[in-house]
Amino acid sequence: MFESILPPCLTLMFLTMIVSFYHTYGSIKLMRPGKDWENGIPSDPYPNAPQSLQMIKNNIKNLFEYPIIFYVLSILIYLQTISDSWLIYLAWIYVLLRIAHSFYHIFMNNTHLRGGFWLISQFTLLAILVRFIIII
């Protein structure tokens, strides 16, 4: 678990899939009879969608922004067969912060706390990048 960069990378992918499935579930609920989208999902659904669904969608967008840098770094670390414990610990910290960010984004909508998780995750991602550059 702490010998390879792949487990944290796969965990973040799993988080993205969970949030995506949760979004699908929320959309399907709106398609039931008597609900807003009973005639199908509108071409531009989000202006009139419930805030909870909008928050999930925004979180999915977030999971495809800066985490892309994490994925690229993870692939490079893996391909270079780098086994550095600092990189792996930082990767796990980054993933745990992204999980916390997603949780607060979707369920709590506490911008201050969520923003703190986001900011610390950005510094963690920067630390991963700097550590990788030092190693190579």
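Readers should treat all values here as calculations from the given coordinates under stated rules, not as data from a laboratory. The structure displayed is predicted, hence computed values, not measured ones. Don't worry about glycine lacking a Cβ; one is built from the backbone with ideal geometry, like all the others, and counts go over all protein chains shown.
Brief remarks follow.
- Which of Ser74, His23, Leu96, positive extreme of dipole for the chain (C-beta unit charges): His23
- Sequence-distant contacts, meaning Cα pairs under 8 Å at least 6 residues apart, place the relative contact order of region 6-135 at 29 percent.
- When +1 charges are put on Lys and Arg Cβ atoms and -1 charges on Asp and Glu Cβ atoms, the dipole computed for region 6-135 relative to its Cα centre reaches about 160 debye.
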